[in-house]
Every structure is written in C-alpha cells, then in structure tokens.
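Here the structure is laid out as structure tokens; the discussion comes afterwards.
What follows draws every value from the coordinates through simple rules; no lab data is involved. As the structure is a computational prediction, the values presented were derived from the model and not from experiment. Reconstructed Cβ throughout: ideal geometry from the backbone, glycine too, with neighbour counts over all protein chains shown.
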Amino acid sequence: MSLETPLHRVQGLGAAHSGTQHFWRQRITAVALVPLSIWFAVSALNLVGAPGSDVDMFFQHPMNAALMGIFVVILLYHMVLGLQSVIDDYVHHDGWKILCLLLNRGFAIVVGVASIIALLRIAIG
Amino acid sequence: MAEQKQHPRPLSPHLQIYRWPVTMATSITHRATGIALSAGTLLLAWWLIAAASGPEAFAKFQAAAANPIGEIVLFGFVWSLAFHLLNGIRHLAWDLGYGFDVATANRTGILVITLSVFAAIAVFIFAYKHGGLHL
C-alpha cells in the first residue's frame, strides 16, 4: 500500500515537486551544446594567435555574435544544472547546501552578464 | 540482541577497494571535467572582455595564454571540453537506450578516452602550426 495520494501520483512530480524537469533540461541543453560547442571550438581555433582586432571583426558579424550569445547562455544554464547535481550529491548540511546553490546561480549570472556585455560592446562597437 | 552483536556481519567494502572499470573512470571523469569547464567559463569571459577592452587588454590575455602555465591550463581546458563533449554524446545515446550493455559501454568508454586525447593533441598541433602560438 502506498501512502501517496492519488492526486500526487497523477501529478507525477515526486518528493521535490519538480518531477523530471532538472533531468530533462540537462538533456535539452546538452543536445543544443553538441553543435554549438563544435562551432565554438572551430571558431576559437581559427582565432588562435590572431590580434584582438580579428576577434572583434569575427564577433561584429551578427551571425557569430548571435551564436556566441546563445552558446554562452545555454552553456551557463547547463553548468548550473550540472553543478547543482554535484552540490546535491556532496553537500549534506542544509545551510551550506543553500549557500552553494545560491553561489552556483550567482556565479553563472555574473559570468553570463559580463560575457554578454563584452559581446555587445564588440558587436555594436 | 546483545549476543548478536558479537558476530560481526559482513560489510560491503567502500569504493577504493574495487578495481576501477572503464565505466566508473569515465563517469567520475565526466563530472570532474564538467567542474573544470565551469571554472573555464571564467577564461571564456576573460577572452571576450579582453577583446572588447582594446589591444592592450587583449595582449595581456594572449601573454597569459602563451605562458607555459597558461598553455598547460589551456590544454587541460581543451581536453576537458573534448572529453565532456564526446562522453556527453555517449550519455545521450544511453538515454535513448543504445549501447547500455556492459561490453559496449566498456568499448565506447575506451573510445571516448582515446578520441578525447587525440582531439586535444590535434587542436594543439593545429594551434602551433597555424595560429602562431610558440612552444
């Protein structure tokens, strides 16, 4: 006999009330990152050793700026989800866990905002 | 109750007792490279900010990257990305139900390790030959 209420069972959200959301978003961002990170690796490799003006020229192309922006945002979201799994697994004290989860998101927001502003400064000049 | 405690029950040994199968090594390496790549996002942001801030700031970034320590960090970053990308594809295949039997998982594990090392070395050979990077 299960103590789970029928409503809770059909909602299918489990004890954390979020169901498979974390798992699913991790996979969706992973799928998106396969082509995006290959694009990034090839682009970055072509810019190795080049002066900064070449990097600026590359990102002044709207398509490259857009792809880089998308890459950074999805990458950081994938990172937040991944590091959250690590924190959930290894940090057991509630206070430390909440602090780590907040720092995880804070780090992603700071790196994301800094990267996007830099990208906009290059793209718009 | 008290008498029972005199007979020690068999205990399951902890992780370090077991011989490491390939799947176990790739699993923890996937997590480790993920954490390393998280730190690597700082390099990515630095690169973009340096490019946005002008030639002087960008020259500083390039000098740090061409420094032996910088090159070791960059190699670690490139290999981590190669491993996490290839092993990530392996994980996605598993999610779809492919290659989950032990023999295949072991084989793809060795494949991922080998390919990631080759990819990282190939990237650095290309960078030295065409990118004007100096050893």
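Each peptide in B:57-66, B:94-103 gets a packing score, the mean of other Cβ atoms within 10 Å over its residues, and the list from highest to lowest is B:57-66, B:94-103. Axis of helix A:62-90 versus longest Cα principal axis of chain A: the two differ by about 30°, to the nearest ten degrees. Over all distinct Cα-Cα pairs of the protein assembly as shown, the Kirkwood formula returns a hydrodynamic radius of 21.1 Å. Using only Cα atoms and rounding to the nearest 10 degrees, what angle (0 to 90) does helix B:55-66 make with the longest principal axis of chain B? The angle comes out near 50 degrees.
Remark: mean inter-chain Cβ contacts per residue of B:59-71 equal 1, using a 10 Å Cβ-Cβ cutoff to other protein chain atoms. Taking Lys and Arg as +1 and Asp and Glu as -1, the other residues whose beta-carbon sits under 14 Å from that of B:Val22 total +2. Our note on the geometry: Cα centres of the range B:9-42 and the range B:64-80, 23 Å apart.
The average projected area of the range B:14-135, computed from the convex hull of its Cα atoms over all directions, is 9.7 nm².
Farthest towards the positive end of the charge dipole of the protein assembly as shown, among the residues A:Leu3, A:Gly125, A:Val48, is the Cα of A:Leu3, using unit charges on the Cβ of Lys, Arg, Asp and Glu.
Extent of the range B:45-116 along its three principal axes (Cα atoms, max minus min coordinate, largest first): 54, 24, 11 Å. Database remark: amide H of A:Val91 closer than 5 angstrom to no amide H (H placed geometrically; neighbours at sequence offset of 5 or more, or on other chains; Pro and chain starts carry no H). Stokes-Einstein diffusion of chain A at 37 °C, 0.692 mPa s viscosity, Kirkwood radius from Cα pairs, rounded to a whole number: 190 µm²/s.
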